[in-house]
Amino acid sequence: MWRTIKLIARSGIRTEPLPAVPDAPVERLQDEIRAILGRALAIRQVDAGSCNGCELEIHALGNPYYNVEGAGIRFVASPRHADLLLVTGPVSRNMAQALRRTYDAAPEPKLVVAAGQCACDGGIFGESYASCGRVANVIPVDVVVPGCPPTPLELLKGILAAVRRGR
């Protein structure tokens, strides 16, 4: 163990600086959300039957690079505390009622972002005996964020577009 600690002390920090992201909304996100809502933004993420590719990109929003929590965005467990629903995947028949109940439990004004190609138009799954297809077939959608999966930056832009629209 001491050998490892000495090696760490000798080698120092070996990370690269963060790349500059053009047109990144992260810097102005907190001020804009607070100006519109007057408080932090609470998001309830709902997986309606996705392959989890979109969830991986949503989880990336919490890393130190994007740091959405520092920008005034937090994910909540209850739709009753949420300002926005972030829905991924084609809505499976088994999740349709649960998604409607989640939407009904969210307080007004209800904002919904459909994230990923499957949530936008059904993707490769489409509509079938097992799938209702896109999210808009089950609940009203304010903003769609296409991509398979969409990048964290595109997700942030979609969330900000929904908050602006809700104003």
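Miscellaneous remarks
- Members of region 47-62 found to be farther than 16 Å from residue 157 by Cα, crowded, with 22+ Cβ neighbours inside 10 Å and of a type in the set (A, V, I, L, M), listed by number: 48
- Tally of residues being in contact with a helix residue (DSSP H, G or I) (Cβ under 9 Å, 6 or more places away or on another chain) and either at positive phi or at pLDDT below 90 (or both) across region 61-82: 10
- Any hit, region 86-98, residues being in contact with a helix residue (DSSP H, G or I) (Cβ under 6 Å, 6 or more places away or on another chain), surrounded by fewer than 19 Cβ atoms within 10 Å (Cβ to Cβ), of a type outside the set (Lys, Arg) and not in a loop (DSSP other than H, G, I, E, B): no
- Once region 7-46 is narrowed to residues that are surrounded by fewer than 10 Cβ atoms within 10 Å (Cβ to Cβ) and of a type in the set (Lys, Arg), the residue that is modelled with the lowest pLDDT is 14.
- A Cβ distance below 9 Å, combined with a sequence gap of six or more or placement on separate chains, defines the contacts here; from region 139-167, residues that are under 19 Å from residue 107 (Cα atoms) and free of Cβ contacts under 8 Å to residues at least 60 places away in the same chain reach residues that are surrounded by 15 or more Cβ atoms within 10 Å (Cβ to Cβ) and among the basic types (Lys, Arg) in the pairs 139/110; 140/110; 141/134; 142/110.
- Positions within region 51-79 being within 18 Å of residue 36 (Cα to Cα) and either part of a loop (DSSP other than H, G, I, E, B) or over 14 Å from the mean Cα position of the chain (by Cα) (or both), in sequence order: 68, 69, 70, 71, 72
- Which numbered condition residue 126 fails, given (1) closer than 22 Å to residue 73 by Cβ; (2) of a type in the set (Gly, Ala, Ser); (3) surrounded by fewer than 23 Cβ atoms within 10 Å (Cβ to Cβ): (1)
- Taken over region 137-158, residues that are assigned to a helix (DSSP H, G or I) and in contact with a helix residue (DSSP H, G or I) (Cβ under 8 Å, 6 or more places away or on another chain) amount to 3.
- Checking each residue in region 89-142 for being farther than 12 Å from residue 50 by Cβ and polar (S, T, N, Q) picks out 94, 97, 102, 128, 137.
- Tabulated pairs, region 116-132, first in a helix (DSSP H, G or I), second surrounded by fewer than 19 Cβ atoms within 10 Å (Cβ to Cβ) and of a type in the set (A, V, I, L, M, F, W, C), C-beta under 7 angstrom, 6+ apart or interchain: 117/148
The values are calculated or read from the model by the stated rules, or taken from the named source; none is laboratory data. Since the model is a prediction, treat every value here as computed from it, not as a measurement. We place every Cβ from the backbone using ideal geometry, glycine too, and count neighbours over all the protein chains shown.
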